[in-house]
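Inspection log for the structure reproduced underneath, given as structure tokens.
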Amino acid sequence: MAIAVMFLLFFMIAFVTNFAGSMGVIVKNQFGASNAMAQLGTLANFIAYACMGIPAGIILKRRGYKFTSLAAATVGFVGVGIQFLSGYVESFGVYVLGAFVAGFSMCMLNIVVNPMLNTLGGGGNRGNQLIQFGGSCNSIGGTLAPILLGYLIGGSMETASVSDAAPAMIAAMAIFALAFLIILLSNIPEPHMETAEEKAARKNGTAAKDPHGPMSFRHFVLGAIAIFFYVGVEVGIPNTANLYMSGLEGVGPAVAGTLVGFYWFLMMCGRLIGGVVGGKVSSKVMLSTVCSVALLFVLCIMFIPETVTVTVPIANAQVPVSMVFMFLCGLCTSVMWGSIFNLAAEGLGKYTPAASGIFMALVCGGGVLPFVQGLAADAVGFIQSYWVIVVGILYMLFYALVGSKNVNKDIPVE
């Protein structure tokens, strides 16, 4: 049951997070935003991670997984509700505020699900395997969000408005309400919550100060930076492609949303495959392999001429061949998160909850990199903006090959 609840929370994270990327098409039209400003909702959503990551880690340590999950579901309901209202008050600021509040919820949920699944799997390959299976549920949510919003927006970018997305937002709020009830009635283990003795010592000011912490581990520090780049790469690839294709003649938001949905669908397929092989293949091998292939795919996006097109049968539209490599990237990004988290958390022991909070703070890269890529798109065009993605992939390849080795095994973690 605990694993099932974590899988449900994984679904919610992507379903709500992907609203921000798909909503970029809407805010470009309704609020006259530039390519960079269209990514502001995504930026606000992920900047919330930087604000909430460490506090949420503290909450997890002091109040446990169940309390943190319930709080996250409540905050998520409120955040999506604010975005829902932004269409009726016609305020870009209210929309960004809603995305920011929803980001607090996504951060708290991530802090719960990743260490919990890694712990339930006993760490190592089995822990990575559970995270990959949970990531498959994440990808289902990620697949549904852009397809649903693309369908609701329709075939024309010029008529898109926030009110078009209202049914999807209502569905998201219903999911949060349902998740709250399921979590409330579920028995969730608390392997990392502070003991009564630790709580008393903290309140009395007699707790012994630990000279070490997560930041004492080099492989964790470099892994947190890798997560910054990873989430930016994962979000930046489809978000920019969505904006690019939505403006192409004969394509439009509905087709663009469907094709972006393929990206998240292939992420789900990749995570299912990763879950199957995760017990046999090390995270280091998995990460270095997919980074190498992703680099090749992104270079294909950039260097295949835009005039070379292909008919996508399901979408029934002519799109640049380069966009086929866009959704193929989903196969690669699918297993990066679990591999990086598994490598970075390996050997941390009692420092895992605090490490998870710091880890989540660096997830803000999912807003920062797409915003930087949006600025690049305004300056040099959508396709050339993918150089930002290339830099992120190269760093993750470095982490897989060099930076993930634990050189601080002398630090006690029990």
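The values are calculated or read from the model by the stated rules, or taken from the named source; none is laboratory data. Keep in mind that what you see is a predicted model, and the values were worked out from it rather than measured. Cβ: placed from backbone, ideal geometry, glycine included. Neighbour counts: every protein chain shown. Accessible surface is based on the protein model in full, side chains and every heavy atom, while ligands, DNA and RNA are left aside. Shrake-Rupley method; radii C 1.70, N 1.55, O 1.52, S 1.80 Å.
Summary table
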| item | result |
| --- | --- |
| Where labels lie 7 Å past Cα in the beta-carbon direction, separation of residue 184 and residue 299 in nm | 5.5 |
| Taking segment 206-308 and dividing mean pair separation by its residue count, relative contact order in percent (alpha carbons under 8 Å, at least six apart) | 11 |
| Cα gyration tensor, segment 1-123 - rounded (a/c under 1.5), prolate or oblate | prolate |
| Listed residues 65, 95, 395, most fluctuating in the chain (Gaussian network, C-alpha, under 10 Å) | 395 |
| For segment 268-377: relative contact order, % (alpha-carbon pairs under 8 angstrom, 6 or more apart) | 31 |
| Between 0 and 90°, nearest 10: helix 2-30 axis offset from the chain longest Cα axis | 40 |
| C-alpha center-to-center spacing [segment 356-414, segment 239-288] in angstrom | 18 |
| Most fluctuating residue given options 199, 280, 350, as computed from a GNM of the chain linking Cα atoms under 10 Å | 199 |
| Pair residue 218, residue 58: separation of 7 Å Cα→Cβ label points (nm) | 3.1 |
| Packing rank of 246-258, 373-385, where each peptide gets the mean count of other beta carbons within 10 Å, highest leading | 246-258, 373-385 |
| Cβ-based net charge around residue 278, under 13 Å, with every Lys or Arg adding one and every Asp or Glu removing one | +4 |
| Apportionment of accessible area to carbon and sulfur, the chain, percent (1.4 Å) | 69 |
| Sequence-separation-based contact order of the chain, relative, with Cα cut under 8 Å and 6+ spacing, percent | 28 |
| Label selected from (i) 23.9; (ii) 21.1; (iii) 21.9, the criterion being Kirkwood radius over Cα pairs in Å as computed here | (ii) |
| On Cα atoms only, tilt of 92-120 relative to the major axis of the chain in degrees | 50 |
| Solvent-accessible area per residue for the chain (1.4 angstrom probe, square angstrom) | 37 |
| Principal-axis tilt of helix 218-246 within the chain, Cα atoms, nearest 10 degrees | 20 |
| Gaussian network model of the chain, springs between alpha carbon atoms under 10 Å - residue of 300, 364, 137 with greatest fluctuation | 300 |
| Exceeding the 27 Å Cα-Cα cut-off - candidates 66/280; 284/350; 199/405; 280/405; 66/405 | 66/280; 199/405; 66/405 |
